[in-house]
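Data first, discussion second: the structure below is written as structure tokens.
Readers should treat all values here as calculations from the given coordinates under stated rules, not as data from a laboratory. These figures come from a predicted structure and were not determined experimentally. Don't worry about glycine lacking a Cβ; one is built from the backbone with ideal geometry, like all the others, and counts go over all protein chains shown.
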Amino acid sequence: AMAKGLLKNDNSDDDRKVWLDLAQVNTRLHRWKDAEEALNKAGAMTSKKEDRVYLLFLRGALAERQKHLEPAEDFFRQALDVDPSNAMVLNYLGYMMVEDGGPMDEAVQLIQQALVADPDNGSYLDSLGWAYFKQGKVAEARTQLQRAATIARSNSVIQEHLGDVLI
């Protein structure tokens with residue numbers, strides 16, 4: 001209710017941002033219908049390329065969180081059609097493929113592309129390390145995960161992945 005109170009109801013960029021924030025909050029709370037409605041409201045106000053990519057990213061994340069993997073992949077690929085070098089989308093899609101048993105070679109390639117754009121991103125390094133671990137490339141996994149753990153010391157997922165590799 002407080003967040004909705006920030007809406008000016010004028011279809012402004014500020015309103016679009018509020019709807020995107022509401023979608024993310026509702027996704028985290030597993031309020032799928034509310035999240036989708038918020039994305040639809042934001043979508044009606046989205047015209048710029050980078051805003052469209054982010055909207056598609058959030059739609060993909062919403063679908064993935066609901067375990068609707070095919071629609072999630074479709075949204076991520078649509079985002080990459082608009083912006084093929086978007087690191088956030090490349091990493092999310094690659095990591096999703098790693099976690100859900102998708103084609104590992106393609107997953108690694110997507111994550112590596114994300115790292116070209118943002119080579120010191122601990123989450124992307126974690127994704128690559130985890131992909132290598134799933135492929136049985138323990139030494140390569142350890143290298144990436146140790147670097148990720150150094151960069152993002154407080155990220156519990158990275159620390160857990162590193163622990164799995166070191167066992």
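One Cα centroid belongs to the range 131-167, the other to the range 22-66; the line between them spans 30 Å. For the range 87-167, trypsin sites (Lys or Arg not before Pro) are listed when DSSP marks them as loop and at most 13 other Cβ atoms sit within 10 Å of their Cβ; the list is R153. Values of log10 I(q)/I(0) for the range 6-81 across q = 0.12, 0.26 Å⁻¹ run -0.30, -1.19, by the Debye formula with one identical scatterer at each alpha carbon and no solvent.
For the chain, the longest principal axis of the Cα atoms and the long axis of helix 122-134 meet at an angle of about 50 degrees. Based on Cα contacts under 8 Å between residues 6+ apart, the chain shows a relative contact order of 11 percent. Of all aspartates and glutamates in the structure, those lying under 15 Å Cα to Cα from K8, and not within fewer than 8 positions of it along the same chain, are D21. Among A44, A114, A87, determine the one that fluctuates most according to a GNM of the chain built with springs between C-alpha atoms less than 10 Å apart. Result for the chain, Cα springs under 10 Å: A44 fluctuates most. Taken over the range 58-127, the convex hull of the Cα atoms encloses 75 Å³ per residue.
Our compactness index for the chain, the C-alpha radius of gyration over the empirical 2.2 N^0.38 Å, is 1.12. Here the mean projected area of the convex hull built on the C-alpha positions of the range 109-159 is 3.1 nm². Computed over the range 39-133, relative contact order equals 20 percent, with contacts defined as Cα pairs under 8 Å that lie 6+ residues apart. Note on the chain: helix-only mean residue ellipticity at 222 nm, from DSSP H runs of 4+ residues weighted -39500 (n - 2.57) and normalised by residue number, equals -24000 deg cm²/dmol. The 3J(HN,Hα) values that the Karplus relation (6.51, -1.76, 1.60; θ = phi - 60°) gives for the range 101-117 are, in residue order, x, x, x, 5, 4, 5, 4, 4, 4, 4, 5, 4, 5, 4, 6, 4, 6 Hz. Gly and Pro appear as x. Only one residue of A38, P119, Q135 has its Cα farthest out toward the positive end of the dipole of the range 27-136, where Lys and Arg carry +1 and Asp and Glu -1 on Cβ, and that residue is A38.
Here the Karplus curve 6.51 cos²θ - 1.76 cosθ + 1.60, taken at θ = phi - 60°, turns the phi angles of the range 68-82 into couplings of 9, 6, 5, x, 4, 4, 4, 5, 5, 5, 4, 4, 5, 5, 7 Hz, with x standing for Gly and Pro.
For K17, give me every one of the aspartates and glutamates with a C-alpha distance below 18 angstrom, ignoring sequence neighbours fewer than eight places off in its own chain. Partners within reach: D34, E36, E37, E50, D51. Straight-line cross-link partners of K67 among the lysines, defined as a Cα under 19 Å from its Cα and at least 8 positions apart when in the same chain: K33.
Taking N155, N26, N86 as the candidate residues, the one with maximal mean-square fluctuation in a Gaussian network model of the chain, Cα springs under 10 Å, is N155. Length, then width, then depth: along the principal axes, the Cα atoms of the range 65-105 run 24, 21, 14 Å. When peptides 97-108, 13-24 are sorted by average Cβ neighbour count within 10 Å, with the highest value leading, the order is 13-24, 97-108. Given R0 = 22 Å, the distance between the Cβ atoms of E70 and E106 translates into a calculated FRET efficiency of 0.90.
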